[in-house]
Amino acid sequence: MFSSIGWGEIFVLGMLALIIFGPERLPGLAKDAAKALKQIRETAQGARNQLKSELGPEFADVDLESLNPRTFVRKHLLEGIDDDPFADDDEPLTTGRSVAVKAQKPLAEGEPAPYDVDAT
């Protein structure tokens, strides 16, 4: 959760909170923040449960975490080429402008060129 914040920054934020709110009010504010966070989590869980019950049994196995935009981007854009389960290790990869492409073997004499019916 705090991967981009170091211990020094956390310490400075704690000291600022102590100076701004004072030692008398700080425990009460922390308690209120914890209650609010708990209520938000319960509301989110209730929304997930309601969504699953409204969609019915055919969508019971849908993983809602996979629909998170961060998870989607990480899974589909940030994974390396080495993670590709369809890549053959014995075929070399040649890099184009921005995408790595498998090298194609030349056609045999008299062999028709491949084409995609859906693309033409």
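The values are calculated or read from the model by the stated rules, or taken from the named source; none is laboratory data. No experiment lies behind these values; they were computed from the predicted model shown. Backbone-built Cβ (ideal geometry, glycine too); neighbour counts: all protein chains shown. The protein model used for the area step is the full one, side chains on, heavy atoms only, and it has no ligands, DNA or RNA in it. Shrake-Rupley method; radii C 1.70, N 1.55, O 1.52, S 1.80 Å.
Among the residues of the range 32-69, those that are at pLDDT 80 or above and β-branched (Val, Ile, Thr) comprise Ile40, Thr43.
To keep it simple, each residue is scored yes or no on (1) at pLDDT below 70; (2) surrounded by fewer than 10 Cβ atoms within 10 Å (Cβ to Cβ); (3) within 28 Å of the chain's Cα centre (by Cα).
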{"site": "Thr71", "(1), (2), (3)": "no, no, yes"}
{"site": "Asp84", "(1), (2), (3)": "yes, no, yes"}
{"site": "Gln104", "(1), (2), (3)": "no, yes, no"}
{"site": "Gly110", "(1), (2), (3)": "no, yes, no"}
{"site": "Asp116", "(1), (2), (3)": "no, yes, no"}
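Within the range 31-59, the set of residues being of a type in the set (Gly, Ala, Ser) and open to solvent by less than 80 Å² (accessible area, probe 1.4 Å) comprises Ala33, Ala34, Ala36, Ala44, Gly46, Ala47, Gly56. Selection of the range 37-64 for residues being more than 22 Å from the chain's Cα centre (by Cα) and outside any helix (DSSP H, G or I) yields only Gly56.
Are there any pairs with C-beta distances below 7 angstrom linking a residue in the range 10-30 that is open to solvent by 80 Å² or more (accessible area, probe 1.4 Å) to a residue that is in a helix (DSSP H, G or I), with the two at least 6 apart or on different chains, and if so which? Between residues of the range 10-30 that are open to solvent by 80 Å² or more (accessible area, probe 1.4 Å) and residues that are in a helix (DSSP H, G or I), the close pairs are Phe21/Leu29.
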